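The values are calculated or read from the model by the stated rules, or taken from the named source; none is laboratory data. Just so it is clear, the model here is predicted, and its values are computed rather than measured. Positions of Cβ are backbone-derived with ideal geometry, glycine not excepted, and every protein chain shown enters the neighbour counts.
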Amino acid sequence: MFGWNGTILRVNLSKSKVAAMRYEADLAKNFLGGRGFAVRILWDELKPKIDPLSPENKLIFAAGPLTGFALPSSGKLVLAAKSPLTGGYGDGNVGTHAAVQMRKAGYDAVIVEGKADKPIVLLVQDKIAEFLDAKHLWGLSSFETEKKLRELYGPIAGILCIGQGGENLVKFANVVCQEGRAGGRPGIGAVMGSKNLKAVVFIGSGELSAAYPKEMKEIGAEGYREVLTKPNYAFWKRQGTMMTIEWSQENGVLPAYNYRECVFEKAEAVGGFAMEKLKVLNRGCPQCNMTCGNVIKGSDRKASELDYENVAMLGPNIGLGDLRQVAALNRAADEFGLDTISLGNVIGFAMEASERGLIQEQVSWGRFKETKALVEAIAYRRGLGNMLAEGVRSAADKIGGASNRWAMHVKGLEISGYNCHAAPAMALAYSTSSIGAHHKDAWVISWEVKTGRESYSEEKVDKVIEFQRIRGGVFESLGVCRLPWIELGFELEWYTKFMHAATGMERNWNDLNLIADRVFNLTRVFWVREYGKNWSKEMDVPPTRWFEEPPTKGALKGVKLDRTKYDAILQHYYKKRGWDERGIPTKTTLKKLGLGEVAKQLEKRVEISE
Ligand code: PTT
Ligand code: SF4
């Protein structure tokens, strides 16, 4: 095989054993890598209904066939497991040296199973793996941990670690690297913590082997040059994803005050231009010439890397309009290893609950000091923090008072930074995403704003599916960043050329979309297998707030989603996907995708249609 190494490393922490396994070429052909590998492995190897924080869960690091080659933005890694936050399939994507080093060490994926009997660091250096004592690192922040490991292993080592959030099993703890890149929203950091795995270090000295090395070199270099010619390049370098704050405000999709409002009175103060004035550094993922990480100094004087989601959720959504203070909260989230989206979401929920008198604690909109203390309380699971550490779905169940109507999640994953009172396609995208409410699979909002927000047309359903294929299926499985395509218009044809040079395979976008559908359907049946008889179409419905409580300000004042029309597009969506009216893939659909065996297994847990 070219492009792929053909080897997966299996690490058993309970037995302190490792084994390098060659895998069948069919896995690569049918699932590509990244998310495709992760969901296939989790489906095959996890017993249904296991406790996600038990040794029975498995943690997967998976790269794709393009990861690590010298081509644009190819330093991405999928981190996956059964999610402790949602109980379903969970993954995240992070740009990291670990992606490149893991591939150069000879592995396309690593499966971590069992649980170490004390805190450890897993060191994988080419063919050798070691379990190192991490007693001195347990209790340290992600930044301190990485610093200590970097002193030992140098600047190029690929290091992934957890902070105190992951150690304390906060259900939305994520995995951090390179002082400001983080991934694994649905609690992948907590899964790492449950295994006593403080960090993983990858060091690889091998070369990736391409089917056509000369073509790879030429086309990779050409790709990098092409990125530089794109008209949006200069502005992208200036603002990166932060430009979206102004856009969201202008178009009434910014989450403000726990998604009650679609505009924020201090949006300008936390927007892309405000950020530019404070910027001290541009950082980015390995292999990338678009470096979009914007670093400013927070009110705590510490460096903090800002992205749209971080700022939208820790700023407007909690009523905070001071960018340096937002940056300080973001930095704290990175140090503790807490997902900023879920964090801003649970804090906004607590502020609203406090305002409504549903909790005793006083937490008020826009109060920096109180909020900073609450972030710490969440990381260490103290008081109110302990309840919020379980995620917003669980917190709403606990406090009652109809708060589940404004607990902003789908399937237990907190909604990311787009308010959908007037965006039915984006609401559908959130509701049918493979991990819960994340924009990763189908960010249709920008298209929807341009093409008309009121309609609930079939065209919108088609767009959601098209994006779920390209973004959630192909990019997540190839192991590259999707932003060159989305933000600069770097054409999709480049990726079929890269695939050819790397693997020798001729694949057009129809072929890739078929793989994407296979991957997407497998993530769906993973969820259905876990929820069994509790699964229903209500799992694919966004929060009641969007249907019943319109914003009170701005151009979208009074606008809300229509439940009857939403149900109709959801049924169109199911039909186009080849799923039944409950949102479960039919046997015919699964067979068409080469998942006949999967259908048979699923049938043991839930009735499925022909
Ligand atoms: C992603 C989610 C996002 S999506 C953001 S900002 W974004 C938040 N970033 C966090 C952070 O930072 N610190 C923290 N403690 N928690 C955070 N949670 C949030 O996590 C990220 C970029 C971005 S910035 C985006 S959109 C794109 N995402 C990609 C993706 O998913 N796949 C892919 N093939 N390419 C992508 N390119 C872009 O990567 P999750 P990163 Mg992230 C500080 O993790 O779980 O996927 O959730 O990885 O290296 O930081 O790059 O406006
Ligand atoms: Fe990373 Fe940004 Fe480059 Fe994507 S564009 S690889 S997120 S630095």
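Which one of A327, A333, A353 is away from ligand 1 (no atom under 16 Å from the Cβ) and not assigned by TED's automatic domain parsing to the domain that holds R181?
Sole residue among the options that is away from ligand 1 (no atom under 16 Å from the Cβ) and not assigned by TED's automatic domain parsing to the domain that holds R181: A353.
Among (1) within 16 Å of ligand 2 (Cβ to nearest atom); (2) farther than 20 Å from E390 by Cα, there is one condition K302 misses while meeting the rest; what is its number?
In the conditions (1) within 16 Å of ligand 2 (Cβ to nearest atom); (2) farther than 20 Å from E390 by Cα, K302 misses (1) alone.
Taking segment 87-126 on its own, how many of its residues are assigned to a strand (DSSP E or B) and either among the acidic types (D, E) or within 16 Å of ligand 1 (Cβ to nearest atom) (or both)?
9
In the set H421, H500, which member is more than 21 Å from T564 (Cα to Cα) and touching a residue at least 40 places away in the same chain (Cβ under 8 Å)?
Step by step, each of H421, H500 is checked, and only H500 is more than 21 Å from T564 (Cα to Cα) and touching a residue at least 40 places away in the same chain (Cβ under 8 Å).
Does L478 qualify as being within 16 Å of ligand 2 (Cβ to nearest atom), crowded, with 24+ Cβ neighbours inside 10 Å and either closer than 25 Å to E361 by Cβ or over 15 Å from the mean Cα position of the chain (by Cα) (or both)?
Criteria met by L478.
As an exercise: evaluate F202 against (1) within 30 Å of V449 (Cβ to Cβ); (2) assigned to a strand (DSSP E or B) and give the number of the one condition it does not meet.
Of everything listed in (1) within 30 Å of V449 (Cβ to Cβ); (2) assigned to a strand (DSSP E or B), F202 misses just condition (1).
Take the conditions of a type in the set (A, V, I, L, M, F, W, C), part of a helix (DSSP H, G or I) and in contact with a strand residue (DSSP E or B) (Cβ under 7 Å, 6 or more places away or on another chain) and apply them to A190. Does it pass?
Against the criterion (of a type in the set (A, V, I, L, M, F, W, C), part of a helix (DSSP H, G or I) and in contact with a strand residue (DSSP E or B) (Cβ under 7 Å, 6 or more places away or on another chain)), A190 qualifies.
Here's the yes/no breakdown for (1) without any contact (Cβ under 8 Å) to a residue 12 or more places away in the chain; (2) within 28 Å of G391 (Cα to Cα); (3) surrounded by 22 or more Cβ atoms within 10 Å (Cβ to Cβ):
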| residue | (1), (2), (3) |
| --- | --- |
| Y89 | no, yes, yes |
| T96 | no, yes, yes |
| V100 | no, no, yes |
| G106 | no, no, no |
| A109 | no, no, yes |
| Q125 | no, no, no |
| S142 | no, yes, yes |
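Tally up the residues in segment 209-221 that are surrounded by fewer than 18 Cβ atoms within 10 Å (Cβ to Cβ) and either small (G, A, S) or in a helix (DSSP H, G or I) (or both), please.
8
Give all pairs with beta carbons closer than 8 Å in which a residue from segment 168-188 that is in contact (Cβ under 8 Å) with a residue 40 or more places away in the chain meets a residue that is among the basic types (K, R) and within 8 Å of ligand 1 (Cβ to nearest atom); count only pairs at least 6 apart in sequence or on separate chains.
F172/R185; N174/R185
What's the total number of residues in segment 433-460 that are assigned to a helix (DSSP H, G or I) and either crowded, with 23+ Cβ neighbours inside 10 Å or of a type in the set (D, E) (or both)?
5
Just to check your reading of the model, which residue among R529, R471 is modelled with pLDDT of 95 or more, within 16 Å of ligand 1 (Cβ to nearest atom) and either not polar (S, T, N, Q) or not in a helix (DSSP H, G or I) (or both)?
The conditions single out R471.
For the structure I just gave you, tell me whether Q287 is within 16 Å of ligand 2 (Cβ to nearest atom) and more than 16 Å from N419 (Cβ to Cβ).
yes
Looking only at segment 372-418, count every residue that is over 18 Å from F547 (Cα atoms), out of contact with any helix residue (DSSP H, G or I) (no Cβ under 7 Å at 6 or more places or on another chain) and among the hydrophobic types (A, V, I, L, M, F, W, C) and tell me the total.
2
Could you please let me know if Q601 is touching an Asp or Glu at 6+ places or on another chain (Cβ under 7 Å) and at pLDDT 95 or above?
No; evaluated as a whole, the condition is false for this residue.
Cβ-Cβ distance below 7 Å, separation of 6 or more or different chains: which pairs start in segment 551-574 with a residue that is over 16 Å from R260 (Cβ atoms) and end on one that is outside any loop (DSSP other than H, G, I, E, B) and among the aliphatic types (A, V, I, L, M)?
Once the first residue is over 16 Å from R260 (Cβ atoms) and sits in segment 551-574, its partners that are outside any loop (DSSP other than H, G, I, E, B) and among the aliphatic types (A, V, I, L, M) give Y566/A427; I569/L428; I569/V461; L570/L428; H572/V461; Y573/L428; Y573/V461; Y573/V464.
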